[in-house]
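Let me begin by presenting the structure, written as structure tokens, before commenting on it.
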Amino acid sequence: MSEIATFTAGDGLVRCRWCDTPGFAQYLQYHDEEWGFPVTDDRRLFEKICLEGFQAGLSWRTILSKREAFRAAFADFDFRRICAFGPSDVERLLQDAGIVRHRGKIEAVLNNARQVQVQALVDEFGSLSAYFWRFCPDIDAPLPVLRSESEASRALSKDLRRRGWKFVGPTTMYAFMQAMGMVNDHASGCHVRERAQAQRRAIRSGMGLSGAEAS
């Protein structure tokens, strides 16, 4: 596996190569302010796991450009409200040109929201955040390399599927973990890597996590 590539943007800052997309400045903002920074908010975590499911077979640029439309369509990804969605909502969403109109992915969002309730994840762990962060690997893992999944993402995928979740394969879960800061895959030399790492260390310390919980 090779190291993650970087580039120097017009502002002179070194960033991860994947956000070098001319004509789409939103990518730079997403990279600098969101991607790889730890998230513990349940709604944001549920939103991201749903959007990663929608991304399957597509680019994140496509999903990011539609994110506000997704939020409007899916009740701001409040899983408690989505639990009340039914067949008529699926048909409504299939007519919504602002989102990705894929029946299986739409139904997966409704299913996964219900699994949070059916499996009582929040009651069992205290929050979705506490559940997901159990799978966060060691804070002192080696510098990132190009890969599509990991031992931790496979463990998370396996556990979610056991609990009835859909569109949560190990590759999708690795992208979710990268975005939500459960791993720090900002490249060596990227100007935000150390800031993301410091926030990740603080989050893990506050949760009492010191090593990989998914092994």
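Quick one: putting +1 on the C-beta of Lys and Arg, -1 on the C-beta of Asp and Glu, what dipole do you get for the chain around its Cα centre, in Debye to the nearest 20?
Values: 29 positive and 27 negative charges, 99 e Å.
Around 480 debye, computed over the chain.
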The farthest towards the positive end of the charge dipole of the chain, of the residues 53, 102, 196, given +1 on Cβ of Lys and Arg and -1 on Cβ of Asp and Glu, is 102
Over all pairs of different Cα atoms in segment 6-207, the reciprocal of the mean inverse distance gives a Kirkwood radius in Å of 17.6
Note to self: C-alpha centroids of segment 165-199 and segment 56-104 sit apart, in Å, by 23
Looking only at lysines whose Cα falls under 21 Å of residue 158's and that sit 8 or more positions away or on another chain, we get 48, 105, 166
Final fewest-first order of 153, 2, 127, 59 on the 10 Å Cβ neighbour count is 2, 59, 127, 153
Dividing the helical contributions, -39500 (n - 2.57) per DSSP H run of n ≥ 4, by the residues of the chain yields a 222 nm value, nearest 500 deg cm²/dmol, of -14500 deg cm²/dmol
Residue span residue 201 to residue 161: 0.36 nm per residue of separation minus Cα-Cα distance leaves a gain in nm of 11.6 nm
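What percent do you get for the relative contact order of segment 6-207 when only Cα pairs under 8 Å and 6+ apart count?
On the way: 240 pairs, mean separation 60.5, N = 202.
Result for segment 6-207 is 30 percent.
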Length gained, residue 146-residue 107, 0.36 nm per residue minus C-alpha separation, equals 10.9 nm
Label model pair residue 194, residue 120: point-to-point distance (7 angstrom along the Cα→beta-carbon line) in nm is 4.7
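Give me 13, 146 ranked fewest to most by other Cβ atoms within 10 Å of their Cβ, as a rough exposure proxy. Please report the intermediate quantities before stating the final value.
Values: 13 14, 146 11.
Ordered from fewest to most neighbouring Cβ atoms within 10 Å, 13, 146 come out as 146, 13.
Where a number appears in this text, it was derived from the coordinates with a stated rule and is not lab data. On a predicted model such as this, the values are computed, not experimentally measured, just so you know. With ideal geometry, Cβ positions are generated from the backbone for all residues, glycine too; neighbour counts draw on all protein chains shown.
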